[in-house]
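Below is one structure, written out as structure tokens; comments come after it.
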Amino acid sequence: MRRFALLLLLAAPALADTIAFRNVSVIPMTANKVVEKQTVVVRDGKIVSIGKSAPKDATVIDGTGKFLIPGLAEMHGHIPPPKSEMIDEVLLEYVANGITTVRGMLGQPGQLELREQAKKGEIVSPHLYLAGPSFNDQSINSTDEAIEKVMQQKQEGWDLLKVHPGLTRAEYDAMAKTAHEQGMRFGGHVPADVGLLHAIESGQETFDHIDGYVEYLKGDAGPVDEKQLADVVKKTKDAGAWIVPTSALWEVIFDTIPLDTLKAYPELKYVSQKTVDNWSKLYEGRLTSIPRDVAKNVIANRVRILRALHEGGVRILMGTDAPQQFSVPGFSLHRELLRMRDAGMSNYEILRSGTVNVGEYFRKQDSFGTIEPGKRADLVLLDANPLTDITNVAKIAGVLVGTKWYSRADLDARLAKIEEKYSRS
């Protein structure tokens, strides 16, 4: 009991009306630059100034030798049902890895109330934007049901609609038309009956997992046609659509990473052994169901497609689809950054996908994604410069989510409790 009490004490976030990061190197994300020896002042969850001095009443955080970046985003994440025993763990794991915004992509009962608790700072959580329960062949059986579901989710207050496979083209069109009329955005997968080009033309806003592109380009059979690729990239950009790659997870799903490598991920200490065993069984089952040449073609072409989309000016949003197979919330982000680098994105461009771009995507709801006065105070303090090495994003000294500051000690104490819960010893 004494040890538990100590952990709670260590884990208590710093609370203050005014917080000042003093003598810190700021990466404002307004440009590819570092502004050294700055004092960033935050009051009541907003950035109020960037300069040389701090108010006398501020709680001061020494930023000497450290780098301050805007909070990062998980733009295809999942939030367990609020009554799940995992909910506190998942939300903490996001925050502990510098993720201060999550776009939840599968609505569950009680999540809207959870979103409000997070907004008010009543729980340890990123800011949440939530898709409602998904549109798929199990939830929708007619065009009338598609229209009714859009109206219902609009009334309930969900932030967007989630598209899953299985919708007929008529059902999809009814959903899309009603969504546009009601001012509801929608994104996710591309149903087979709909097809990529029709989804782009219909105003689908995000294409998560780069879904539909490999299928359209027949990328499972061999190299994609470069002319056809260039054409669909232009169509995507002209439509103003966004891409959420989730590349690291797709390598797992197509079994192109050895199982022993996956099982050695250090973050699995925050997951139960039963869960890891289930993930391993799924992996082994796919080895006999997905031909190896097809798997290699798909993954190689996903890299090629993402590179072409990025070079063609299509906006990329950071996302991993966690929690998912060998994809632990927050920790999966650091693996995703490397896949974006492999696709030709610079360190600055990778950071933009989780900061500036996300702020632009949510510009009608809030103002964040850069370090500027007036912006929401979601900030991550790093021990090293991520512009020189993107893996430095993992070197977190602390995270500010609105009005709550979590030091490295705070985060480690909370994570230690999860590790103890799932201890294999």
Considering only residues that are of a type in the set (S, T, N, Q) and under 18 Å from Ile390 (Cα atoms), look in segment 313-338 and name the one that is farthest from the chain's Cα centre (by Cα).
Ser332
Open to solvent by 30 Å² or more (accessible area, probe 1.4 Å) and more than 20 Å from Ala343 (Cβ to Cβ): does that describe Asn278?
yes
Given the conditions (1) open to solvent by less than 20 Å² (accessible area, probe 1.4 Å); (2) free of Cβ contacts under 8 Å to residues at least 24 places away in the same chain, report the number of the one that Asp238 does not fulfil.
(1)
Residues in segment 84-107: is at least one part of a strand (DSSP E or B), under 21 Å from Lys404 (Cα atoms), hydroxyl-bearing (Ser, Thr, Tyr) and in contact (Cβ under 8 Å) with a residue 24 or more places away in the chain?
yes
Is there a residue in segment 63-74 that is on the phi < 0 side of the Ramachandran plot, surrounded by 20 or more Cβ atoms within 10 Å (Cβ to Cβ), over 24 Å from the mean Cα position of the chain (by Cα) and part of a strand (DSSP E or B)?
no
Is it the case that some residue within segment 289-300 is touching a strand residue (DSSP E or B) at 6+ places or on another chain (Cβ under 9 Å), farther than 30 Å from Ala416 by Cα, open to solvent by 70 Å² or more (accessible area, probe 1.4 Å) and touching a residue at least 40 places away in the same chain (Cβ under 8 Å)?
no
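The values are calculated or read from the model by the stated rules, or taken from the named source; none is laboratory data. Values in this document were obtained by computation on a predicted structure and should not be read as measured data. Cβ atoms come from the backbone with ideal geometry, glycine included; neighbour counts cover every protein chain shown. Accessible surface is based on the protein model in full, side chains and every heavy atom, while ligands, DNA and RNA are left aside. Shrake-Rupley method; radii C 1.70, N 1.55, O 1.52, S 1.80 Å.
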